[in-house]
Amino acid sequence: MAFKNFFKFSFKDFRGDLFGGITAGIVALPLALAFGQQTEMGAAAGLFGAIFIGFFASLFGGTNTQISGPTAPMTAVSYLVISRVLQQFDGELERALPTILMVFFAAGVVQIIFGILKIGKYIKYIPYPVVSGFMSGIGVIIIITQLFPVLGYEPMNDESLIRQNIPRAKERLLDKILVNEAGDGIKVLDDYKITLYEAKKISTEEIRNEAKIITKRDTGTAEGTVKFLPNALQNINYLHFAMVMLTIFIIYGFKKVTTKVPSTLVALIVVSLLVFLVGWNLTLIDKIPQGFPKFQLGNMIANANFGIFSNHITDIFSLAILGAIDSLLTSVVADNMTKTKHESNQELIGQGIGNSMAAFFGGLPGAGATIRTVVNINSGGKTRLSGMTAGILLLFILLALGPVASMIPKAVLAGILITVGIGVMDYKGLKAIRKIPIADAFVMILVLVLTVFLGLIEAVALGMVISALVFMKKMGDNTAKSSIVQTVEEFEEKNETLTLTEKLPKNLIEEVYVKEFGGPLFFGVTDEIKEKLSAIPETANCLVLIMEKVNYMDQSGVFALEDAFMVIKNKGIDIVLVNLQKQPRYLMERIQIIPQLISEDQIFLDYPSAVEWIQKNVKNIF
């Protein structure tokens, strides 16, 4: 999509775009609030992200019908990023926010760079087991991290857990004093009285707050949730748990009644109204501020800690890569439904701009959302106006109904997120795990586990490396298996189309051997190349290499050929090449195999031409 076409809109589909955008916006509302509430930034951050990503990714993107905003995978990674940054600011969101938003902004910039460098076309080369593994892993992360909210358990209010962390809190506060004194040039051993004086100034409240920070850090990950789940089970809020279950029941049950009205929105409204009318005392979501979202760029530049920011380069690329994969997969779904073709690199630019703009206004990062995109298409959306309409609708809801949205119980959003976590897992891949090759199953499970307990970049990188090695091993085995050294009689007997005049005379049969390569020659088959070529019998006077299937050769392959050719030439055996392809010939010329080891007149387009040369140049020594 050329830049000049960005602002050229067709209004002939305006009615469909309007209905598609409104419907997608309604579907996006409860999900955006739920995704925001999952993180420390609160429900409003999810809504801000849906507004700005939805509008700008549609305006600048390369998929006409795509609806973008916070998604389950992006929120799961954002949650981990926010938790890691908060740890470095002692859990104080206000201090950490500029750095968090700078990380989100940088992820958007990286996506723009991906688009400019045309990296979008390479996303399709990620193997299915890797995609399946990390999608299921993200689903597991969402479900695990929602176990505490589902049970109504808040670790920060668990007095037994806080008391347990008091000794660690004292140690951390003392460490801070020692670090500060070292920075001020105080010799701690000589001036221990100063250290004791500073330590005595630490109040009980400071120790307690530090213990809360430690508790929050320990319980804020998937591992932490699993570790402290027994504490949660001992402190269940049964009313909260019941409302979560009611939300889940409505989401799944209402779909059996009709799919024309989003069941998540129905669950949000029904359960929220029930809690409000009955007057149950349930914890509500974080207050959504009224008015237009605050522009954060000045705060980001002035207050972001760029030393801490530099420690999150991996997080930046995790968000950028995941957002790219998530968006382009949704683009493929949209293409299949609309019979169109998206611009992958332009889509990455649009997503990057959307994520950068969302960061400027305190929003969560996001990507193309499959469910919202499908709803948009089914409701009549056909152009970028539909996605922009969805963003504008959510902005209107924020401005007009912000105080009302602040009355939603946390239990409702926990129920919504559980269904999202269940829905995002790749059941197709998991069901097929016993039927697919062991290597693929291993990669899928490994990526799933690493995504949950290590990180997305590490999981995908290791999955890609293992998948690539497995693929190259299979390619090498297939090439080696189909590459054989045979007598002329065996070769000619197999090629029945050869006429009598195109075959080698009987008196030269013992002097000539033929080798057919079965595929590309790369580093995975170099040993087989040398082994097979070194097995040429001493009776040979000429070796014919059939290169028809060798459409690619890497540096390792061409060097292996050079070594083998030198051994063969030293034995006094002539080498003839048949049907040499363009790329392998280029490499062989670059390192002088042609013409130093094999002259131009020993390279032929077909086997009969090689037979003519052999008859003239190869002597019958028997």
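FYI, it's all coordinate maths here, none of it is from the lab. Nothing here was measured: the structure is a model prediction, and the numbers come from that model. Cβ sites come from the backbone with ideal geometry, for glycine too, and all protein chains shown count toward neighbours.
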field: Burial ordering of E531, E492, E40, fewest other beta-carbon atoms within 10 Å first
entry: E531, E492, E40
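Given a Förster radius of 56 Å and the C-beta distance between S556 and L297 as r, what FRET efficiency does 1/(1 + (r/R0)^6) yield to the nearest 0.05?
Working: r = 50 Å, r/R0 = 0.90.
Result of the calculation: an efficiency of 0.65.
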task: Could you state the angle between the C-alpha long axis of helix 438-453 and the longest principal axis of the C-alpha atoms of the chain, as a value from 0 to 90 degrees rounded to the nearest 10?
output: 30
query: Tell me, what HN-Hα J-couplings in whole Hz come from the Karplus equation 6.51 cos²θ - 1.76 cosθ + 1.60 at θ = phi - 60° for each residue of the range 287-293, using x for Gly and Pro?
result: 4, 8, x, 7, x, 5, x
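Mind pulling up the Rg/Rh value for the chain? Radius of gyration and Kirkwood radius, both on Cα. Walk me through the numbers on the way to the answer.
Values: Rg = 32.5 Å, Rh = 28.6 Å.
On the Cα set of the chain, Rg over Rh gives 1.14.
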field: Cβ-based charge dipole, the chain, positive-most Cα from I26, T539, I236
entry: I26
With Cα atoms, 0 to 90° folded angle of helix 313-338 axis to the chain main axis: 80
query: Long-range amide H contacts for S406: which residues qualify at under 5 Å (H placed 1.01 Å from N, peptide plane, sequence gap of 5 or more or a different chain)?
result: I288
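Please compare each pair in K287/K410; K435/K532; K382/K428; K256/K435; K549/K571 to a cut-off of 23 Å on the Cα-Cα distance and tell me which ones are over it. Write down the numbers at each step before the final one.
On the way: K287/K410 11 Å; K435/K532 35 Å; K382/K428 29 Å; K256/K435 32 Å; K549/K571 27 Å.
Cα-Cα > 23 Å for K435/K532; K382/K428; K256/K435; K549/K571; rest within.
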Length-normalised contact order for the chain - Cα pairs under 8 Å, 6+ apart - percent: 26
message: Can you give me the distance in nm between label points at Y252 and N495, each placed 7 Å from the Cα along the Cα-to-Cβ direction?
response: 6.4
message: Under the rule of at least 5 residues apart or a separate chain, name every residue whose amide H is placed under 5 Å from the amide H of S68.
response: A369
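Evaluate 2.2 N^0.38 Å with N set to the residue count of the range 483-617, then give the Cα radius of gyration divided by it.
0.98
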query: Say each of E206 and R163 gets a label point 7 Å from the Cα, pointing the same way as Cα to Cβ; how far apart are those two points in nm?
result: 2.4
statement: So the angle from the long Cα axis of helix 204-219 to the longest Cα principal axis of the chain, reported in degrees to the nearest 10, equals 30
- prompt: Taking H as built 1.01 Å from N, whose amide H comes closer than 5 Å to the amide H of D574, not counting residues under 5 places away?
  reply: C542, L543
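Show that you can apply the helix-only estimate: for the chain, add -39,500 (n - 2.57) for every DSSP H stretch of four or more residues, divide by all residues, and state [θ] at 222 nm to the nearest 500. Could you put the intermediate results ahead of the total?
Working: 29 runs with 403 residues, N = 622.
Mean residue ellipticity, 222 nm, calculated: -21000 deg cm²/dmol.
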message: How far apart, in nanometres, would the label points at I436 and L174 be if each is projected 7 angstrom from Cα along the Cα-to-Cβ direction?
response: 5.2
Calculated FRET value between D90 and D527, using beta carbons and R₀ = 45 Å, to 0.05: 0.20
